[in-house]
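**Q** Would you mind keeping the following structure in view while I ask a few things?
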Amino acid sequence: MIGRRTVARLAFVGFAIAWAVAAHWPRIEIRGPAIPHLDKAVHAGAFACWTVLLSLTGWCGDGPGARRRLALAAVLYAAVDELTQALPGIGRDADLADFFADLAGIAVGLVCAALLGRAGTRRGP
């Protein structure tokens with residue numbers, strides 16, 4: 001039987017790969033309704049999901065420092081993600097506004113991860 005952490009790890013790796021490819025795909029455009037700053041909402045949503053999924057893997061530990069390690073991992077990945085988009089040949093731009101959207105998503109993800117952690121430790125009927 002496959003455990004919860006194994007499922008979470010597979011989901012995280014799949015999501016992380018999909019996001020990395022999408023974020024670095026040359027000259028990608030988001031098509032759809034003309035919603036101002038839609039790309040920022042996509043960044044925030046993606047990093048909220050990335051953060052929650054990473055929290056479920058157990059790779060950041062389970063002790064008192066787990067949330068700090070989770071936050072650090074997410075912020076470092078967001079920085080690397082933005083900076084590598086500026087590499088020649090990718091045809092993308094590093095954007096500080098995207099990074100701030102990533103940070104907003106990470107904050108939402110950390111709150112969700114904390115709530116999920118509390119829900120997972122409740123006992124009783």
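**Q** Can you go through Ala104, Ala41, Ala97 and tell me which one is loosely packed, with under 13 Cβ neighbours inside 10 Å, more than 21 Å from Arg9 (Cα to Cα), of a type in the set (Gly, Ala, Ser) and modelled with pLDDT of 85 or more? Talk me through it step by step, then tell me what you get.
**A** Details: Ala104 fails: loosely packed, with under 13 Cβ neighbours inside 10 Å; Ala41 fails: loosely packed, with under 13 Cβ neighbours inside 10 Å.
That would be Ala97, the only listed residue that is loosely packed, with under 13 Cβ neighbours inside 10 Å, more than 21 Å from Arg9 (Cα to Cα), of a type in the set (Gly, Ala, Ser) and modelled with pLDDT of 85 or more.
**Q** Let me ask another. For the stretch 1-10: of the residues being assigned to a helix (DSSP H, G or I) and modelled with pLDDT under 95, which is nearest to Leu87 (Cα to Cα)? Talk me through it step by step, then tell me what you get.
**A** We begin by selecting, within the stretch 1-10, every residue assigned to a helix (DSSP H, G or I); these are 4-10.
Narrowing the set further to residues that are modelled with pLDDT under 95 leaves 4-5.
Working: Arg4: 37, Arg5: 34 Å.
Residue satisfying both the conditions and the ranking: Arg5.
**Q** Which ones in the stretch 58-89 are surrounded by 16 or more Cβ atoms within 10 Å (Cβ to Cβ) and more than 13 Å from the chain's Cα centre (by Cα)?
**A** Passing the criteria: Cys60, Ala66, Arg67, Gln85.
**Q** Which of the residues spanning the stretch 28-49 are under 27 Å from Gly117 (Cβ atoms) and out of contact with any helix residue (DSSP H, G or I) (no Cβ under 7 Å at 6 or more places or on another chain)?
**A** Ala41, Val42
**Q** Any residue in the stretch 50-61 that is farther than 21 Å from Ile17 by Cβ and out of contact with any helix residue (DSSP H, G or I) (no Cβ under 8 Å at 6 or more places or on another chain)?
**A** Scanning the stretch 50-61 turns up no residue that is farther than 21 Å from Ile17 by Cβ and out of contact with any helix residue (DSSP H, G or I) (no Cβ under 8 Å at 6 or more places or on another chain).
**Q** Now for a different question. For the stretch 62-92, give me each residue that is among the acidic types (Asp, Glu) and either in contact with a strand residue (DSSP E or B) (Cβ under 6 Å, 6 or more places away or on another chain) or over 20 Å from Ala16 (Cα atoms) (or both). Can you show your working first?
**A** Initially, the stretch 62-92 is screened for residues among the acidic types (Asp, Glu), giving 62, 81-82.
The one that is among the acidic types (Asp, Glu) and either in contact with a strand residue (DSSP E or B) (Cβ under 6 Å, 6 or more places away or on another chain) or over 20 Å from Ala16 (Cα atoms) (or both): Asp62.
**Q** Now for a different question. Just checking, which of Val52, Val111 is at pLDDT 95 or above and surrounded by 15 or more Cβ atoms within 10 Å (Cβ to Cβ)?
**A** On inspection, the qualifying residue turns out to be Val52.
**Q** Ala16: farther than 14 Å from Ala113 by Cα, at pLDDT 85 or above and surrounded by 18 or more Cβ atoms within 10 Å (Cβ to Cβ), yes or no? So that I can check it myself, show each step before the final result.
**A** Numbers: farther than 14 Å from Ala113 by Cα: yes; at pLDDT 85 or above: yes; surrounded by 18 or more Cβ atoms within 10 Å (Cβ to Cβ): no.
No, not satisfied.
The values are calculated or read from the model by the stated rules, or taken from the named source; none is laboratory data. Values in this document were obtained by computation on a predicted structure and should not be read as measured data. FYI the Cβ positions are ideal-geometry reconstructions off the backbone, even for glycines, and counts take in every protein chain you see.
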